[in-house]
1. When only Cα pairs under 8 Å and 6 or more residues apart are kept, what is the percent relative contact order across segment B:1-83?
2. What is the average number of partner chain Cβ atoms found within 10 Å of a Cβ in A:206-215?
3. With the contact rule set at Cα under 8 Å and sequence spacing of 6 or more, what percent relative contact order holds for chain B?
4. Per DSSP H run of at least 4 residues, take -39500 (n - 2.57); add these up for chain A, divide by its residues and hand me the 222 nm value, nearest 500 deg cm²/dmol.
5. Show me B:411-422, B:203-214, A:79-90 ranked by packing, highest mean number of other Cβ atoms within 10 Å first.
6. So if the hydrodynamic radius of segment B:138-237 is defined as the Kirkwood radius over C-alpha pairs, what does Stokes-Einstein give as its diffusion coefficient at 4 °C and 1.567 mPa s, in µm² per second?
7. Could you work out the mean count of beta carbons from other protein chains within 10 Å of each residue's beta carbon in B:196-205?
8. What's the percent breakdown of Cα-Cα distances in the protein assembly as shown across 20 Å bins, shortest bin first?
Amino acid sequence: MERREFLKNSALASSAFMVPSFVKAFENVAKKSLGFKKLVIVQLAGGNDGLNTIIPYRNDIYYKERPRLAIKKEDVLKISDDLGFHKNLGPLKNLYDQGYLSIINNVGYPNPNRSHFRSTDIWHTASNADEYLSTGWLGRYIDTYGKFPYTGIEVDDSLSLIMKGEKMNGIATQNAKTLFYTTNTPFFKKVLKTQEDEHLSEHNLGYLYKTMIEANSSATHIYNKSKTFKSSISYPSNAFGKQLKTTAEFINSNVESKVYYVTMGGFDTHYAQEGRQDKLLDIYSKSMEMFVKDLEQNDTFKDTLIVTFSEFGRRVKQNGSQGTDHGTANNLFIIGKNLKKQGFYNEQPNLADLDKNGDLKYKVDFRDIYATVLENWMEVDDEKILNKSFGKMDFI
Amino acid sequence: MDKKEIQHLYWRAGFGIGFEDLNKIKKKSRKTILKKLFSASEKSKDLAVDLSEYEKSLTDSFKKVKNKTTDQRRKEQKYLREKGIELNQAWIQKMATSEALLREKMTLFWANVFVCADNNTWSIQNYNNTLRKHALGNFGQFVKAISHEASMIRYLNNKQNKKGKPNENFARELMELFTLGAGNYTENDIKESARAFTGWNSKRNGEFIFSRKQHDFGNKTFFGKTGKFDGNDIIDIILEQKQCAKFICTKVYKYFVNPVIDEENLAEITDLFYKDYDIKKLMFHIFNSDWFYDENNIGVKIKSPIELLVGIHKVVPFKFKNYKQQVYLQKMMGQILLKPVNVAGWKGGKSWIDSNTLMFRLKLPSMLLNNAQISLIEKGDIEGTFEEFYQKRKGKGYLKVTVDWDHFEKNYSKSEEKDLKSTLLISKIDVDTDAMLANLQIDKLKDYCIQLMSIPEYQLC
């Protein structure tokens, strides 16, 4: 019998185990108040070079501005008359061929910021370029619609801004067991065991105890659920593959989380871009293919939407050290089973019309994508989460 | 003064007080204790990480600088980045060991008011020392001083602020974040004052330079006054607004007294501060007020990660073999010194706490002092290189620290368990946890120390 069931069934539960009633209330809340849909957000951190990812292989400007870095026509995995995938994105092309991929070009925001940190904050908080918010858009979703931190899991060791809400935050873990044992060290257990919730006040001390109890309960939930399922797929053996495997195990074991966030680093290719981006795209696409396969095998792919973004793209013109500098608008990938719009969502980037820094001009505000995902996929009020109204698109 | 009051004072004006020190002064009057606290912070001693290798290059000719190869530039950046980690460490060390407790605490406070970041470690060390120098001085001079700093001029784009092509970034943040707060000025005030700061620039050696060619000498209208104002005039006009005193006093009150404002107390200190903007007078008044020692103000603040780290250090000093691990701890708790999240700074308070940071903070004492294992896997670091990201990812490990338990033993040799408890915990203690503590089997005082540091109460000051 599972611990949850046991607790529910046993009349003696609270006295026998001295489980604080706060935790008990937490354990008994209705399971499926939020539906089945899951959202996985992947960030290619550092600024992926979108132009060498989805290649405008018939564009003269592209070849002129990147004499050293442009991907040769014959190396491109062509998918339309104008665009094709980087040679290491074969697995992603497989998803494309099955109709599981929608590519949105020219995604960005007005007055783009070229600092990694600032631009990442803007993407995480869904703010304007000149606005500083201290909560993330997934965090606000957790705050508004979730009841527990595990509504949102960041598959990492610490929590990013994207997962932070005003009153409730998501929880970060890439190893449910480690997290469980951290919150369950004998000493912490002792502290929690004796805790009676009537003493929890609204003051800071009460807040600390409440957070500690929530952390413990979330860690317990994630661990107890996820240990019932082990993925049988062999993912590429690298950090990102491992993170996606963990994510699949959470999803396939019915951990009651709604949103996931995974970062893959290393995309800041100011110099010697070629070999490095090749490797990164290889890791990304192979891992992603396995992830989708894993979900499909367990019939959860139909309920999962995967969004991959980068905080910005890179400059059209290559720099002097065989790399590219920070740019602006970029392509973004939507992966899912029943996409309304498969393949390319919109027109390719216009390399003839750049801003004064020589960067691409955005055509799609990333928050339109968020709003669409929130309303059409998560089925919640997007305005409540994004604090204002954004345009809707029709990829899902 | 009673013990609790002294502890409260030392946690707010510094990073806590040890048992021995507490015993030494516990019978003294408030006046004597405050006098000692303030006189110890009279002088300002600079942080001085050795950057001589970089300093040598400051006199290089323009041509030499221009002709640097990419390799040379990258090498220089790497040097400065590594020095940045050293500076982080040196600052922590200074907070933990300096006699000038109040000055150090104030410096940390101001660094989150006049928020600034710079990859050039040499400049940011100068900036940090400017914060330290003015930390207890005159607020008006302080604002002028930071406005002249190379790092600030870079950080808020005043380098790009030129006659005819103003860049408003500095003018906006000066008012929104440094002096008045949003909603207390007009967009026109920003436009006009940005013109007054045109031509404020810095030389490569960090010296301030007023570029007459780039300065807009025309008339500006700011807060209803018209004149050929420059940046200093603008700051003077800002200081004339009582809102400026109120804005700073609000920040001071939340940081040093209570995150929840008492309007009456705030009005009292605002009136005082508005008279001459003397920071030292303001702080003395606060620490000398009876309301400061009100029970509602004691032990109700959530320590920032840095306060937590430095506080532990004061009880049991530790030293990292690898500075980077120290920075890693700060990162996991959400506050890397010298790397503010954005120009608005750290929000503080409850925002320090989520499930992960709290568990990490609770585990910190045993990781630091008792060699507990931690996960050392770094997140996809944005600016790290591919190699850094994919090769240096270690799994679990231990912090490489030397712990000075002798210092602890010396300080607490005459103390009993209850003394240790009352020294380490100043907030109210949860009744259930208190009962649990009472039933703990205590073998060694140092184990008890780690246990006390591992309960939520220790997160408060």
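1. On the way: 23 pairs, mean separation 19.3, N = 83.
Worked out over segment B:1-83, it gives 23 percent.
2. Mean shielding by partner chains, rounded to a whole number: 6.
3. Working: 595 pairs, mean separation 75.9, N = 461.
The value is 16 percent.
4. On the way: 14 runs with 143 residues, N = 396.
The helix-only estimate for chain A comes to -10500 deg cm²/dmol at 222 nm.
5. Values: B:411-422: 15.4, B:203-214: 12.2, A:79-90: 18.0.
Most protected by this proxy first, the peptides run A:79-90, B:411-422, B:203-214.
6. Details: Rh = 13.3 Å.
The calculation lands on 98 µm²/s.
7. Numbers: counts 0, 0, 0, 0, 0, 0, 0, 0, 0, 0.
Counting other chains' Cβ atoms within 10 Å and averaging over B:196-205 gives 0.
8. Whole-percent P(r) values from 0 Å outward: 14, 45, 35, 6, 0.
No lab work stands behind these numbers, since they all come straight from the coordinates. Note that this is a predicted model, so its numbers are computed, not measured. Cβ sites come from the backbone with ideal geometry, for glycine too, and all protein chains shown count toward neighbours.
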